Amino acid sequence: MGDHVRITAIVGSYRKGGIIDTVIDEILASAREEGAEAEKIYLIDKHIEFCTNCRTCTQQEGESRGQCVIADDMSAILDKIERSDAIVLGSPMNFGTVTAVMKRFIERLACFACWPWGMSAPKVRKKRKEKVAVVVASSAAPALMGRLMTKTVSLLKEASGLLGARTIGVLFIGFAATEQRQQIGERTRKRARRLGKKLASSNPVQVTSHSSRA
Ligand SMILES: Cc1cc2nc3c(=O)[nH]c(=O)nc-3n(C[C@H](O)[C@H](O)[C@H](O)COP(=O)(O)O)c2cc1C
């Protein structure tokens, strides 16, 4: 990874200016201050169809992602991610997991697995993780409860892995639904900015894990 890190952030919240969006903005702003180039993609603005389980994309062998037969915005998003050094995946926790729009995106990552007919389980195409990732989640519940009792974070980490990224930081924001237009607190902002710096620096080795409140 060079000194000019390219970051693509995927926002899985329905609310522009909401908690997830704001935290991701802080991460990207601090990364940019360190010289990184960053782009944010709102899944709600994109045309993303459901994976239909046709498994066409999983039939080919090899490390390159399989070709999906659906013509929508997904392949352009994945091209962008593949050209990046780092990613941010963020989603509120709804009904104990990621949002529907984030889940729809994640199911379309089947193309990063090889799963020919006749094979009982998929195999991730690329074992090497050349990118780094930060995952962000938020909940009405206390952060620790959301983190420990649901699969929200593990799902986002699994998605990062499929996209070729090793998760180097997790930010889980609890008590994130007390006001209609809730601001993030100073601690959350600082943690977001620290993670942005970490993403912008090359090959961080340690996972930073935070639970905080909005
Ligand atoms: C449909 C729906 C389901 C939700 N389910 C949960 C839940 O299971 N647990 C929880 O702690 N918060 C839940 N919440 C609260 C959201 O997690 C919270 O509003 C969100 O993290 C705020 O992020 P945002 O500002 O980016 O939208 C839910 C909210 C909605 C609208």
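Within segment 60-103, which residues are in a strand (DSSP E or B) and more than 16 Å from the ligand (Cβ to nearest atom)?
86, 87 - these are the residues of segment 60-103 that are in a strand (DSSP E or B) and more than 16 Å from the ligand (Cβ to nearest atom).
Evaluate segment 165-173: report whether one residue or more is over 22 Å from residue 78 (Cβ atoms), out of contact with any Gly (no Cβ under 7 Å at 6 or more places or on another chain) and modelled with pLDDT under 95.
The answer is no, given that none of the residues of segment 165-173 is over 22 Å from residue 78 (Cβ atoms), out of contact with any Gly (no Cβ under 7 Å at 6 or more places or on another chain) and modelled with pLDDT under 95.
Cβ-Cβ under 6 Å, sequence separation 6+ or interchain: first residue in segment 14-28 and more than 16 Å from residue 100 (Cα to Cα), partner within 6 Å of the ligand (Cβ to nearest atom) and not in a loop (DSSP other than H, G, I, E, B). Which pairs?
As it stands, the answer is 19/138, since those pairs meet every condition given.
What are the residues in segment 136-172 that are part of a strand (DSSP E or B), within 24 Å of residue 64 (Cα to Cα) and not polar (S, T, N, Q), if any?
165, 166, 168
Checking the conditions here, which among 154, 120 is closer than 21 Å to residue 86 by Cα and out of contact with any helix residue (DSSP H, G or I) (no Cβ under 7 Å at 6 or more places or on another chain)?
The match here is 154.
What is the one condition in (1) farther than 19 Å from residue 164 by Cβ; (2) assigned to a loop (DSSP other than H, G, I, E, B) that residue 32 does not satisfy?
(2)
From (1) among the polar types (S, T, N, Q); (2) free of Cβ contacts under 8 Å to residues at least 40 places away in the same chain; (3) in contact with a Leu (Cβ under 8 Å, 6 or more places away or on another chain), pick out the condition that doesn't hold for residue 160.
Only one criterion in (1) among the polar types (S, T, N, Q); (2) free of Cβ contacts under 8 Å to residues at least 40 places away in the same chain; (3) in contact with a Leu (Cβ under 8 Å, 6 or more places away or on another chain) is unmet by residue 160, namely (2).
With the condition kept exactly as written, say whether any residue in segment 85-103 is out of contact with any His (no Cβ under 9 Å at 6 or more places or on another chain), more than 27 Å from residue 179 (Cα to Cα), surrounded by fewer than 19 Cβ atoms within 10 Å (Cβ to Cβ) and not β-branched (Val, Ile, Thr).
Scanning segment 85-103 turns up no residue that is out of contact with any His (no Cβ under 9 Å at 6 or more places or on another chain), more than 27 Å from residue 179 (Cα to Cα), surrounded by fewer than 19 Cβ atoms within 10 Å (Cβ to Cβ) and not β-branched (Val, Ile, Thr).
Could you check segment 5-28 and list, in sequence order, the residues that are within 11 Å of the ligand (Cβ to nearest atom), in contact with a helix residue (DSSP H, G or I) (Cβ under 8 Å, 6 or more places away or on another chain) and small (Gly, Ala, Ser)?
Those that are within 11 Å of the ligand (Cβ to nearest atom), in contact with a helix residue (DSSP H, G or I) (Cβ under 8 Å, 6 or more places away or on another chain) and small (Gly, Ala, Ser): 12, 13.
Among 154, 212, 201, which is modelled with pLDDT under 95, out of contact with any strand residue (DSSP E or B) (no Cβ under 9 Å at 6 or more places or on another chain) and away from the ligand (no atom under 11 Å from the Cβ)?
Just one listed residue meets the conditions, 201.
Quick check: anything in segment 151-164 within 15 Å of the chain's Cα centre (by Cα), of a type in the set (D, E, K, R) and closer than 17 Å to residue 27 by Cβ?
Yes: segment 151-164 contains one or more residues that are within 15 Å of the chain's Cα centre (by Cα), of a type in the set (D, E, K, R) and closer than 17 Å to residue 27 by Cβ.
Determine whether residue 33 is out of contact with any Lys or Arg (no Cβ under 7 Å at 6 or more places or on another chain), charged (D, E, K, R), away from the ligand (no atom under 11 Å from the Cβ) and farther than 30 Å from residue 114 by Cβ.
Yes; evaluated as a whole, the condition is true for this residue.
Give the residue, chosen from 137, 165, 159, that is in contact with a helix residue (DSSP H, G or I) (Cβ under 8 Å, 6 or more places away or on another chain) and more than 16 Å from the ligand (Cβ to nearest atom).
The match here is 159.
The values are calculated or read from the model by the stated rules, or taken from the named source; none is laboratory data. Bear in mind that the values here come from a model prediction, so they are computed numbers and not experimental data. Backbone-built Cβ (ideal geometry, glycine too); neighbour counts: all protein chains shown.
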